[in-house]
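Just so it is clear, none of the values below were taken in a lab; they were calculated from the coordinates. Computed from a predicted structure; not experimentally measured. Cβ placement follows ideal geometry from the backbone for every residue including glycine, while neighbour counts extend to all protein chains displayed.
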Amino acid sequence: MTGLRLARRGDSVVAVDLRTRLGHVELPNPIMTASGCAGAGRELAQFMDVSKVGAIVTKSVMVSPRAGRPTPRMAETPSGMLNSIGLQGPGIDSLLQRDLPWLLSRGARAVVSIAGGTVAEYADLAARLSDAAGVTAIEINISCPNVEHRGQMFACDPDAAAAVTEAVRSRARHDMPVFAKLSPDVTDIVAIAKACVSAGADGLSMINTMLGMVIDTDTMRPHLAGLTGGLSGPAIRPVAVRCIWQVREALPGVPIIGMGGVRTGRDALELVLAGASMVSVGTTIFQDPSACTRILRELEEELTERGVDRLVDVIGLAHQAHALTGRTLSPNARVRRS
Amino acid sequence: MTRGEVEAQAGPVQVRGTVLTVRRVDAYCAMTLVAPAVAARFKPGQFIAVAVGGPDTSMLLTRAFSIHDVRPDHGGTVEFVFEARGSGTQWLAERRARDVLNLTGPLGRAFPLPRDPANCLLVGGGYGSAPLFSLAFRLRERGCQVDFLLGAASGDRVFGALTARRTGRSATITTEDGSLGTRGVVTDMLDQVIHDGRTDVIYACGPMPMLRQLTVLARRYDIPVQVAVEEAMACGVGVCMTCVLPVVGSDGITRMSRSCVDGPVYRGEAVRWDDVGTIPFDAFGAPGWEPRSRRAVLVHTGRPAALEGRSVVGRGRAGGVTGPGGVIEAVSANGAAGADGAAGVSAATGARGAGDEGGLAAGARRGGDRPAARPAGRQRRGG
């Protein structure tokens with residue numbers, strides 16, 4: 001009964017059912033790592049049990065090894081950071097030979113994030129992952145801002161996003177959920193979301209980092225070697241909430257993995273209320289390597305405090321006109337809290 | 001006990017440490033934290049990552065500091081040295097006894113120790129000397145002779161000059177303004193110190209230009225040098241990929257190595273100093289790298305390149321990798337936690353760590369040193 005966690009409220013023991021659905025796959029809880037912030041889980045296993053979180057989302061993998069961008073690759077910004085890693089990694093072979101078997105042996109569920117420069121590369125990756133053991137789902141990273149040409153960012157164009165999604169969907173095993181990860185740096189994220197879903201995406205991940213830049217006023221030059229980088233952290237959480245809200249409003253039946261500046265269980269709940277069925281934790285891991293298990297515990301406490309006994313009851317709840325009078329919410333619980 | 005269990009015990013821990021003291025040491029601050037689990041696992045050269053700013057801070061990233069010393073009092077304390085130069089280190093400098101900090105450590109690979117007694121020269125720039133004193137203690141335990149060579153911009157920026165004089169067989173100090181010791185930089189005195197001390201191995205921690213120059217000179221004398229490098233880090237535990245630099249592995253392949261887990265201690269000549277801050281064209285995964293290597297690998301092993309760093313290919317820079325024969329053999333990798341042989345690069349090179357505000361090492365040293373030769377050398381994070 002991994003999905004049922006016991007919480008104590010008053011004198012009675014109340015079970016908060018944190019189970020959620022990643023497409024048709026059930027996860028014991030909604031907290032996941034965000035791609036690129038947890039490697040393949042190995043480093044974080046020193047500080048937390050990787051099988052306790054809903055899933056480990058691995059760092060975006062490409063067909064070939066990739067050295068990434070030059071340093072400096074990182075800048076701290078108010079309540080956020082810029083990164084300009086450029087998808088450094090050893091390639092799909094290493095993931096298949098080392099990382100997936102290891103995750104499987106630890107009882108972790110793996111969501112594999114894939115990235116490529118062409119539609120064919122994405123399709124290749126999907127095909128190779130279809131034969132691999134231990135892949136719970138595929139997340140298509142079409143929105144990494146750290147690529148040489150902005151034109152390469154498939155998530156900026158509905159047709160390109162749909163083409164990648166369709167290729168991955170057709171090559172991935174039929175029963176493997178495919179999620180497309182969207183960029184907030186677009187005029188109309190709903191149009192991109194609809195294009196991906198029409199092309200066969202089982203769900204959507206949002207948001208990736210936002211393109212940003214820092215100039216060093218001492219050297220009077222851009223701080224990052226790659227000039228621009230992806231902004232993450234609590235600074236972008238309101239943007240994530242807005243994107244999730246808009247897409248949930250337009251596509252209420254499509255599951256969403258929400259991410260963007262989640263630092264606490266309260267933050268995770270905010271994304272769930274906006275419409276996320278799962279919540280990924282990213283930048284906060286850099287400050288607190290066991291953040292995922294902490295946030296999971298905090299989310300459970302937040303739900304308990306509000307008298308909620310099933311996570312699924314509050315997914316997208318903020319969209320309901322009279323949320324506070326809903327069946328699952330006890331106004332008294334809120335009063336008591338304050 | 002399996003190897004996995006051993007590693008688990010030796011690995012880093014995430015703890016809450018209680019501040020015991022914060023004191024000024026010349027131009028720097030030294031903070032002592034009660035953190036028994038970290039102290040128990042510590043090996044010289046390792047570092048800690050400290051969260052700054054409190055729970056709702058706008059400073060998201062941990063600051064990395066080399067561990068200066070650990071002591072058994074209060075169950076185990078950890079001391080580190082930093083310069084209050086950015087908002088993060090300023091916040092740290094304002095902590096008081098009984099404040100609680102979140103920290104992770106000890107992180108990174110430690111300085112490898114010689115198997116047999118040897119004449120060791122410990123070179124430090126600025127507060128980069130901080131990790132050298134616990135190293136000196138371990139070396140003397142093994143019957144090694146320890147000479148110190150410390151330098152900084154001015155006398156108040158030479159960290160630990162007194163301790164060096166008290167505990168070293170010799171201690172040579174250089175300052176750029178001549179306010180303490182000899183006027184000049186450490187590398188000016190290297191020739192004489194090596195000659196007088198019949199140096200077998202050099203350990204160094206300080207600004208990157210110093211480490212680079214030291215490596216060049218040490219090679220001339222055919223003396224192995226172990227350097228603790230500084231790169232800006234975000235996580236310190238190996239997941240963020242920001243602290244990379246080009247390092248040649250024992251297989252001759254250059255990889256963008258994470259200095260937090262594969263370092264911070266490297267064999268000096270394994271680091272491609274001229275290429276730090278770039279992606280060398282022949283680095284593993286660099287544009288254009290793959291086709292050539294794949295062909296080479298297929299010939300040799302019949303399997304795709306480089307996956308685990310075991311394939312013997314791309315001998316391009318192998319000459320530089322093998323290093324001087326004699327003494328390097330004496331420098332075993334026993335200091336490094338995961339010295340599992342298979343990890344060619346790491347076992348041989350050891351590792352270092354420190355990062356933030358230059359980490360302790362970099363930032364501090366930086367502070368007193370001449371203006372950064374390259375922008376990368378400046379403090380990279382808000383501090």
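Cα convex hull of the stretch B:11-107: how many Å³ per residue?
Working: hull volume 8.6 nm³, N = 97.
Each residue corresponds to 89 Å³ of Cα convex hull volume.
Pairs of alpha-carbon atoms within less than 8 angstrom and 6+ residues apart define the contacts here; what relative contact order does the stretch A:19-337 have, in percent?
Working: 740 pairs, mean separation 58.1, N = 319.
Here the relative contact order equals 18 percent.
Output the relative contact order of the stretch B:11-107, whole-number percent, from Cα pairs under 8 angstrom with separation of 6+ residues.
On the way: 224 pairs, mean separation 41.1, N = 97.
Relative contact order here is 42 percent.
Extending each Cα 7 Å along its Cβ direction at A:Met213 and A:Asp309, get the distance between those two points in nm, one decimal.
5.5
With r defined as the distance between the Cβ atoms of A:Asp159 and B:Arg16 and R0 fixed at 41 Å, what FRET efficiency is calculated, to the nearest 0.05? Each step should come with its number before you reach the end.
Values: r = 51 Å, r/R0 = 1.25.
With R0 = 41 Å, the Cβ-Cβ based efficiency is 0.20.
For the stretch A:256-261, just list the computed ³J(HN,Hα) in residue order, Karplus coefficients 6.51, -1.76 and 1.60, θ = phi - 60°, integers in Hz, with x standing in for Gly and Pro.
10, 8, x, 7, x, x
When you count, for each residue, the other Cβ atoms within 10 Å and take the mean per peptide, how do B:204-217, B:118-131 rank with the highest first? It would help to have the intermediate numbers written out before the result.
Details: B:204-217: 23.8, B:118-131: 29.7.
The densest-packed peptide leads the list: B:118-131, B:204-217.
Packing-wise, with mean Cβ within 10 Å as the measure, how do B:263-269, B:227-233 rank, highest first? Show your work: numbers first, answer last.
Values: B:263-269: 29.0, B:227-233: 33.3.
Packing proxy ranking, top to bottom: B:227-233, B:263-269.
Using a 10 Å cut-off around each Cβ, can you sort A:Lys181, B:Lys43 from fewest to most neighbouring Cβ atoms? The partial results should precede the final answer.
Working: A:Lys181 28, B:Lys43 23.
In order of increasing Cβ crowding within 10 Å: B:Lys43, A:Lys181.
Helix A:189-198 versus the longest principal axis of chain A: what is the Cα-based angle in degrees, 0 to 90, to the nearest 10?
The angle comes out near 90 degrees.
Using Cβ counts within 10 Å as a stand-in for footprinting exposure, how do A:His174, B:His195 rank, fewest first?
Working: A:His174 7, B:His195 10.
Neighbour counts put them in this order, fewest first: A:His174, B:His195.
What FRET efficiency, computed as 1/(1 + (r/R0)^6) with R0 = 56 Å and r the Cβ-Cβ distance, is obtained for A:Thr118 and B:Arg165, rounded to the nearest 0.05?
Values: r = 63 Å, r/R0 = 1.13.
Rounded to the nearest 0.05, the efficiency is 0.35.
Arrange the following residues from fewest to most other Cβ atoms within 10 Å of their Cβ: A:Ile138, A:Ile31. Walk me through the intermediate numbers first.
On the way: A:Ile138 26, A:Ile31 29.
With the sparsest Cβ surroundings first, the list reads A:Ile138, A:Ile31.
What average count of beta carbons from other chains do you get within 10 Å of the Cβ of residues in B:100-109?
If you average over the peptide's residues, the count of other-chain Cβ atoms is 1.
Other chains near B:280-287: what is the mean number of their Cβ atoms within 10 Å of each residue's Cβ?
4
Which of the peptides B:56-62, B:147-153, A:311-317 is most tightly packed, and how do the rest follow, going by the mean number of other Cβ atoms within 10 Å of each residue? Please report the intermediate quantities before stating the final value.
Values: B:56-62: 21.1, B:147-153: 28.4, A:311-317: 19.0.
Result, highest mean first: B:147-153, B:56-62, A:311-317.
Counting only other chains, what is the mean number of Cβ atoms within 10 angstrom of the Cβ of each residue in peptide A:79-88? Write down the numbers at each step before the final one.
On the way: counts 5, 3, 8, 0, 4, 1, 6, 4, 2, 9.
The shielding value for this peptide is 4.
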